[in-house]
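Down below is the structure, laid out as structure tokens.
The values are calculated or read from the model by the stated rules, or taken from the named source; none is laboratory data. Computed from a predicted model, the values in this text were never measured in an experiment. Every residue, glycine as well, gets a Cβ built from its backbone with ideal geometry; the counts of neighbours run over all protein chains shown. With ligands, DNA and RNA removed, areas are computed over all heavy atoms of the protein, side chains included. Shrake-Rupley method; radii C 1.70, N 1.55, O 1.52, S 1.80 Å.
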Amino acid sequence: MKNQFTKRNLIWTIIVCVIFGIFQAMIMGNLIPNTYQVTIITIGINIILALGLNLIIGFTGQFSLGHAGFMSIGAYCAAITLLKIPNMGGLFLGMLIGAIITSIVALIVAIPTLRLRGDYLAIATLGFSEVIRIAIQNMEITGGAAGLSSIPKLTTFPLVFIFIVISILVVHNFVRSSHGRACISVREDEIASESMGINTTKYKTLAFVIGAVLASIAGALYASYFYVLKPSTFGFMKSIDILVIVVFGGMGSLSGSILAAIVLGLINLFLQSYAEIRMIIYALAIILIMVYRPQGLFGNKEITDFLPAKWKKKKEVD
């Protein structure tokens, strides 16, 4: 087994701990206003969503528009459980139930739809997402169209940060594994992959399920922070918002998804004072960025690709 206790990994661990320590100290010291804290939590949840969708779109090449549907399953499972068990145990139990249900639903969606490609796949996944939303809207246990309210607020910055780190590790290790390399080969040329004996349906389904489970976890964190859930929250535009983050950051780049979620979150924050023209400015900013940087902020590269040459040599040695 390859030794994971390398100097490089130790440096990244220290960087992560320092970032967490700075933000947590500022939050505990009331140096960050509540409005900004909401933005930070929202950015964190969007990072988890974008990492899951990037695995499906960026690394496997499957154009999915159903991420909001999987997020809604996790959100409602966590909310219903928390209303019965209003503590951290209830939150984690709700996450687990949501992840299991999401995995089953993702399998049901993936097996027939992932045989499609391009626009047809996007339309099929969008349709399934709408089916999930309408089903939730017409179920008594979910509160119907009125949704659920008075959900215990248990999501905190440390909890979101931990799940961001877990999501990065899961997606990063998957991409670097033999399964991840198979997914990348499917993205590059599905016909060539099949001719080499790769079960393309298997690997597309695997990536799809992992991405859906991450969306479910993000939904559970969302439900436990914003008190109220409504089916309309998880409509078509929510899937588009997540897609914008992935495309803006660079499809196939985890670093790009993280940076894009932060940048777009800050843009939304600064445009709140211009409510009348906020969406127009937001859309124009994205259009300009995509015109002059169509591959996204990072393309398919990671932040480590921009390190000095001597760091890269050390990386290879490790």
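Considering only C-alpha atoms, what is the centroid distance from the range 127-180 to the range 52-90, in Å? The distance from the Cα centre of the range 127-180 to that of the range 52-90 comes to 2 Å.
Taking the 1.4 Å solvent-accessible surface of the range 140-286 as the whole, the part contributed by carbon and sulfur is 67%. In this simple spin-label model, placing a label point 7 Å from the Cα along the Cα-to-Cβ direction at both Arg8 and Ile303 gives a separation of 1.5 nm. Annotation for the range 184-236: chymotrypsin sites (Phe, Trp or Tyr not before Pro) lying in DSSP loop with at most 12 further Cβ atoms inside 10 Å of their Cβ do not exist. The length gained by stretching the chain between Tyr227 and Leu83 to full extension, at 0.36 nm per residue less their Cα-Cα distance, is 50.8 nm.
The 3J(HN,Hα) values that the Karplus relation (6.51, -1.76, 1.60; θ = phi - 60°) gives for the range 137-144 are, in residue order, 5, 10, 9, 5, 5, 8, x, x Hz. Gly and Pro appear as x.
Legend: calculated FRET efficiency, Ala285 to Asp119, from the Cβ-Cβ distance at R0 = 25 Å, rounded to 0.05, equals 0.45. In the range 153-210, the convex hull through the Cα atoms has an average projected area of 4.7 nm², a quarter of its surface area. Extension gain, Leu266 to Ala135: 0.36 nm times the residue separation minus the Cα-Cα distance gives 43.8 nm.
Between Leu31 and Phe174, the modelled labels are 3.6 nm apart [label points 7 Å from Cα along Cα→Cβ]. Heavy-atom accessible area, probed at 1.4 angstrom with all protein chains present, ranks Met71, Met88 as Met88, Met71, highest first. Shown here is the pair-distance distribution of the range 223-302: with all Cα-Cα distances grouped in 5 Å bins from zero up to the longest one, the shares run 3, 15, 19, 22, 21, 12, 6, 2 percent.
Equivalent-ellipsoid semi-axes for the chain (Cα gyration tensor, √(5λ), whole Å, largest first): 29, 26, 21. Dividing the mean sequence gap of close Cα pairs (under 8 Å, 6+ apart) by how many residues the chain holds gives a relative contact order of 30 percent.
Spin-label pair Ile166-Glu276: with each label point 7 Å from Cα along the Cα-Cβ axis, the two points sit 4.6 nm from one another.
In order along the range 198-212, the Karplus-derived 3J(HN,Hα) couplings, from 6.51 cos²θ - 1.76 cosθ + 1.60 at θ = phi - 60°, round to 7, 6, 5, 4, 4, 6, 5, 5, 4, 5, 5, 5, 4, x, 5 Hz, and Gly and Pro are given as x.
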